[in-house]
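Colleague: Shown below is the structure under consideration.
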Amino acid sequence: MTFLNIEDETGTLNVIAGIGVWNRYRRIARESPALVVRGILERSPEGVTNLLADKFDTLTLVAPTTSRDFR
C-alpha cells in the first residue's frame, strides 16, 4: 500500500493505492506536475475522506511549472 495526501484550498484528501495500482502508475504519480486520480471515495463519520485509487493519469498544464526550493 502507498499513501499520498493531496491538498488544495478546501482541505486534504488521503489517496490510497494498492500494490498493483502503485506498480502500474508509480512513474506517473511521482513525475507528473499535476494528476487526475480515479477511484472510490470513502468518507468516515469522523470527517476523514479517502480515495481508494484505481488509476492515475497526467493532467496536462498549459503554464510551465517549476519546483519551489525553500532551502
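Throughout, read-outs are computed from the coordinates displayed, never taken from laboratory work. Nothing here was measured: the structure is a model prediction, and the numbers come from that model. Quick reminder, even Gly has a Cβ in these numbers, built from the backbone with ideal geometry, and neighbours come from all protein chains shown.
Colleague: Which percentage, to the nearest 5, of the DSSP beta bridges contained in segment 2-58 is antiparallel?
Modeller: 80 percent
Colleague: Skipping prolines and chain starts, which residues have an amide H placed within reach, meaning under 5 Å, of the one on SER32, given they are 5 or more residues away or on another chain?
Modeller: none
Colleague: Kindly provide the GluC sites (Glu not before Pro) of segment 29-71 that DSSP labels as loop, not H, G, I, E or B, and whose Cβ sees at most 12 other Cβ atoms within 10 Å.
Modeller: Numbers: sites: GLU31, GLU42, GLU46; in loops: GLU46.
Answer in residue order: GLU46.
Colleague: What does a probe at GLU46 reach in segment 1-26, counting residues whose amide N is under 11 Å from the point 7 Å along Cα→Cβ?
Modeller: none
Colleague: Go through segment 21-68 and name the trypsin sites (Lys or Arg not before Pro) that are in a DSSP coil and have 15 or fewer other Cβ atoms within 10 Å of their Cβ.
Modeller: Working: sites: ARG24, ARG26, ARG27, ARG30, ARG38, ARG43, LYS55, ARG68; in loops: ARG68.
The qualifying sites are ARG68.
Colleague: Expressed as an acute angle from 0 to 90° and rounded to the nearest 10, what is the orientation of the C-alpha long axis of helix 19-31 relative to the principal long axis of the chain?
Modeller: Helix 19-31 and the main axis of the chain meet at about 30 degrees.
Colleague: When the C-alpha atoms of the chain are aligned to their principal axes, what extent does each axis show, in angstrom, from largest down?
Modeller: 38, 29, 26
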